[in-house]
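See below for the structure under consideration.
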Amino acid sequence: MSENVYDILKERGFIEQCTDPEKVRELLGKERVTFYIGFDATADSLTVGHFLTVMAMIHMQRAGHRPIALMGGGTTMIGDPSFKTDARPMMTRETIDANVERFIAQLSRYIDFNGDNAILANNADWLMDLNYVQFLREVGIHFSVNRMLTADCYKQRMEKGLTFFEFNYMLMQSYDFYMLHKQYDCKLEMGGNDQWSNIIGGVELVRRKDGGEAYGLTFKLLTTSDGVKMGKTLKGAVFLDPNRTSPYEFFQYWRNIEDAKVEECLGLLTFLPMDEVRRLGAYKDEKINEAKEVLAYEITKIVHGKEEADKALEAARSVFAGGGKSANMPSTKVAKSDLEAGIELMGLLVDTKLCTNRSDARRMIEQGGVSVNDAKVSDIHAVLSSKDLDADGEIIIKKGKKNFHRITVE
């Protein structure tokens, strides 16, 4: 193997904690290592938070190692309580299975599952039919409740109440590592840093039950400077599914991140050489916007392909730099008869998702943050009609400085 992937991950900013850094680096440098990352199917699309772990999988696979993408068909039935202030809502088996299929389709865009290059597994295969008494005898005996209660991942929940139902999650995730170790000689579990306690549980279970090699490594979590998880907007999570978050919205999310996070995200979420990452990350003031544009383009290209990235870039430049319009900007069609009768602007702001609700729309109009065809609107009762169509037969609604939406007639 060429450059050690441990060094690549470290230089690019992925590695947060590792159970034995020297040993893991040595292992990754001398043999093909089978490792796993788990994905609980709590939604019907992967999110920006998952994308960081997917990038790590890609680096590992490119270096010759074998990823196991473990679908949480079983663990999602409970839900990971780690760093959650409330219990996750219960999901049906049918919903979870449908979400798993979506995850597999999305992961297959980035990971090569052909032949022996990678493995798809689902922990429902061994968790759903477990004999509980036998599980407690074989697995539960290795876990100290006192120690589990000191884990950072549970501390937030202790005040509000941690159910015994959720308390089992750590045992189940640890058992996953044990099963993957037995079936595929999996030696390394990787995941976000919020998984550290669960990963240590798995490492220790494998060693105690099997005496085998087992290691854990966690990645940095994508957060804002305030420590809030990145990947959230007023509309909710930023998804990798273009039907949930359009390529244009996805591009805009990264184009608008805070200056202090540009270099970090370039290292973690693109394949640009680190010299280029550091060069772009050193930009200041207005020039940092050039680096943000590169960041947004590179990430969108990986997730949605070059064609969609080109469209999003063209739309952003046309709309923001030129103050004009673009065929690729978000748009909504309205019926000609509806427009002739008059469409309430406040309702349209909500329907186009420029605003989250009517209260948000009212506030934006009152604060002078809404324009129609470059003319500010101050009337909260404003109604759009055919008279508002421009020379191209369109209406451009603008919220703030960066959010545009085109209304066309069908």
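The values are calculated or read from the model by the stated rules, or taken from the named source; none is laboratory data. Everything numeric in this text was worked out from a predicted model, so none of it was measured. Please note: Cβ atoms are built from the backbone with ideal geometry, for glycine as well, and neighbour counts cover all protein chains shown.
Filtered by the rule that a residue be part of a loop (DSSP other than H, G, I, E, B), closer than 28 Å to VAL100 by Cα, in contact with a Lys or Arg (Cβ under 8 Å, 6 or more places away or on another chain) and not aromatic (Phe, Trp, Tyr), region 1-40 gives ARG32, VAL33.
For region 180-222, residues that are among the acidic types (Asp, Glu), modelled with pLDDT of 90 or more and assigned to a helix (DSSP H, G or I) total 1.
Please go through region 350-391 and pick out each residue that is among the aliphatic types (A, V, I, L, M), surrounded by 13 or more Cβ atoms within 10 Å (Cβ to Cβ) and either assigned to a loop (DSSP other than H, G, I, E, B) or touching a Lys or Arg at 6+ places or on another chain (Cβ under 7 Å) (or both). The answer is VAL350, LEU354, MET364, VAL370, VAL377, ILE380, ALA382, LEU389. Looking only at residues in region 95-147 that are among the small types (Gly, Ala, Ser) and more than 23 Å from ASP241 (Cβ to Cβ), the one that is modelled with the lowest pLDDT is SER144. Scan (1) part of a helix (DSSP H, G or I); (2) farther than 25 Å from THR42 by Cβ; (3) of a type in the set (Ser, Thr, Tyr) for the single condition TYR283 breaks and write down its number. Just one mismatch for TYR283, condition (1). Residues that are more than 25 Å from SER108 (Cα to Cα), β-branched (Val, Ile, Thr) and either buried (at least 19 other Cβ atoms within 10 Å of the Cβ) or in contact with a Phe, Trp or Tyr (Cβ under 7 Å, 6 or more places away or on another chain) (or both) do occur in region 233-252.
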